[in-house]
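**Q** Structure incoming, see below.
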Amino acid sequence: MTGQSLICRDAAGVTADWLRRALRAGGATDPPELKEIVVDNLGAATNALGSLLRCHLIAQDGSPAVPRSVIVKLPTANALAMRFAKWLEIHQREYEFYRHVAAHAPMRSPALLYGEFDVHSHRFVLVLEDLHPMAATPQARGVATERARVAVRELANLHGAFLEAGDRPPVAGSYDCLGSRYGRRMQSAYLLCLPFVLQRFGDHFSTETRRVVEALGTRIVAHFANVAAADPTTFIHGDYRGENLLFDASDTARPAAVDWQGCGLGSGLYDVAYFLGTSVSVDDRRRIERQVLHEYHDIMCRHGAESFSLDDCWRSYRQNMLSAVVPCILGCGGLEMADPRMLDLATVGLRRILTAVEDLDAGAFLPATAGSLFSTLSLCGYQAYKLVHRLRRKTSR
């Protein structure tokens, strides 16, 4: 880093001169002299809480520079979304991953060319290796079965490498994704979003899944505590889905994982449940999930998780399918749906996760009671909030 901040307010600040200074500050000894850069905004569906830019670098003679392109990640210009990102520390988590964990993780991710993060405002910039022509899988299509198997093997190796390593570098001090502070924040956000989800996407809920998602709303803290008590802790990606996995043309080659904003310490089976539940078609998930879980468990045992039985693994997968409902509700209720790709991503993911919840009887893992004053107050507040929401809907009609 240099003494002068290179954090841009928006995409307009990403110029040829700025990019050359960022590459130099990131350690490049001889960054290319640039005539210009051509910037493509990759869209809200790719990075809902920020701006993701592909910058094509043009040398002084008009030819492509080396590197030909880089990815620049900036915070969102939306003040409400930025407050939410700061509240959950998502930009800090991703910055810390690239700075401290990425080089030690067995899972491939883009190289960090320059990074800066402001601890007060949580504004940031990341300049990352562009892995094009590797590409993500559109949510509606779903990740094909062979690629899904490879993707879960990558998770097993990531989780195995950091099994019960929360007190050791490089993951010591990582965000606690099952702690009570995080649980309270997620519970509050979930209950704020849930009425909008039931209004916008109500046709996708059965009587049972509607019951489960409403009951979960006031029990998220207790649910996270139950998961933490039962599962070994490891370092997780936190948003492991088709849109965040880049594959090349081969079905068997290792993918690269991007968007580490949700990373931290948690249950490894959360990543597996969220991935299979949202990013693989329902028929494919039903066909392969048992086999995939067997292979995941075998790899974890080779990393030292012998005391975590195959039955434990299957139980955790089912229990964490309930956990995977939480980000789907937050996304469907809290994000702007004007972008058709974003709406498609949210709708397909929600429909798949609700089907998985029913298939696996994940509702059986709901805590019996809310179990805390916070959850009791959440229930009272939610009932009042839901009533106000209904009255507003009737008035608007």
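The values are calculated or read from the model by the stated rules, or taken from the named source; none is laboratory data. In this text, all values refer to a predicted model and were calculated from it rather than measured experimentally. Methodologically, a virtual Cβ is constructed for each residue, glycine included, from the backbone with ideal geometry; neighbour enumeration extends over all protein chains shown. The protein model used for the area step is the full one, side chains on, heavy atoms only, and it has no ligands, DNA or RNA in it. Shrake-Rupley method; radii C 1.70, N 1.55, O 1.52, S 1.80 Å.
**Q** Report, by chain and number, residues whose modeled amide H sits under 5 Å from the one on A65, excluding near sequence neighbours (fewer than 5 apart, same chain).
**A** Residues meeting the amide H criterion: L57, I58, A59.
**Q** Calculate the FRET efficiency for D361 and A111 from the Cβ-Cβ distance with a Förster distance of 51 Å, rounded to the nearest 0.05.
**A** For D361 and A111, the calculated efficiency is 0.75.
**Q** Pick from V258, V66, V326: which residue has the top mean-square fluctuation in a GNM of the chain where Cα pairs under 10 Å get a spring?
**A** V66
**Q** Let me ask another. Excluding the sites themselves, what is the longest stretch of the chain that contains no GluC sites (Glu not before Pro) in a DSSP loop with at most 13 other C-beta atoms within 10 Å?
**A** Maximal segment without exposed cleavage sites: 165-305.
**Q** Please compute the modelled spin-label separation between L42 and R341, points set 7 Å along Cα→Cβ, answer in nm with one decimal.
**A** Distance between label points: 0.9 nm.
**Q** Still on this model: About the Cα centre, and with charges only on the beta carbon of Lys, Arg (+1) and Asp, Glu (-1), how big is the dipole of the stretch 308-370? Nearest 20 debye, please.
**A** With Lys and Arg at +1 and Asp and Glu at -1, about 20 debye.
**Q** Working from Cα positions, state the angle (0 to 90°, nearest 10) between the long axis of helix 268-279 and the longest principal axis of the chain.
**A** So the helix axis and the longest Cα principal axis differ by about 90 degrees.
**Q** Quick one: pull the percent of accessible area on the chain belonging to carbon and sulfur, 1.4 Å probe, ligands and nucleic acids left out.
**A** Looking at the chain in its full context, I get 52 percent from C and S.
**Q** Run the 1.4 Å probe and let me know the accessible area of R351, rounded to the nearest 10 Å².
**A** About 100 Å², rounded to the nearest 10.
**Q** Suppose R0 equals 45 Å. What FRET efficiency, 1/(1 + (r/R0)^6) with r the Cβ-Cβ distance, do R211 and Q4 give to the nearest 0.05?
**A** E between R211 and Q4, to the nearest 0.05, is 0.20.
**Q** What size of dipole, in debye to the nearest 20, comes out for the chain about its Cα centre when the only charges are +1 on Lys and Arg C-beta atoms and -1 on Asp and Glu C-beta atoms?
**A** Using Cβ point charges on Lys, Arg, Asp and Glu, the chain gives about 1400 debye.
**Q** Let me ask something else about it. Does the stretch 144-195 come out rounded, prolate or oblate, given a ≥ b ≥ c as the square roots of the eigenvalues of its C-alpha gyration tensor, rounded meaning a/c under 1.5 and, failing that, prolate meaning a/b above b/c?
**A** oblate
**Q** Extension gain R21-A230, at 0.36 nm per residue separation less the Cα-Cα distance, in nm?
**A** Working it through step by step, the gained length comes to 70.4 nm.
**Q** A further question follows. Give the accessible surface of the stretch 177-278 per residue, rounded to a whole number of Å², with probe radius 1.4 Å and ligands, DNA and RNA excluded.
**A** Value returned for the stretch 177-278: 31 Å² of accessible area per residue.
**Q** Nearest 0.05, what FRET efficiency do Q199 and H104 give at R0 = 35 Å with Cβ-Cβ as r?
**A** The computed FRET efficiency comes out at 0.20.
**Q** For the chain, evaluate the Debye formula with one uniform point scatterer on each Cα (no solvent term) and list log10 I(q)/I(0) at q = 0.07, 0.08, 0.10 Å⁻¹, rounded to two decimals.
**A** Values, matching the q order: -0.33, -0.43, -0.67.
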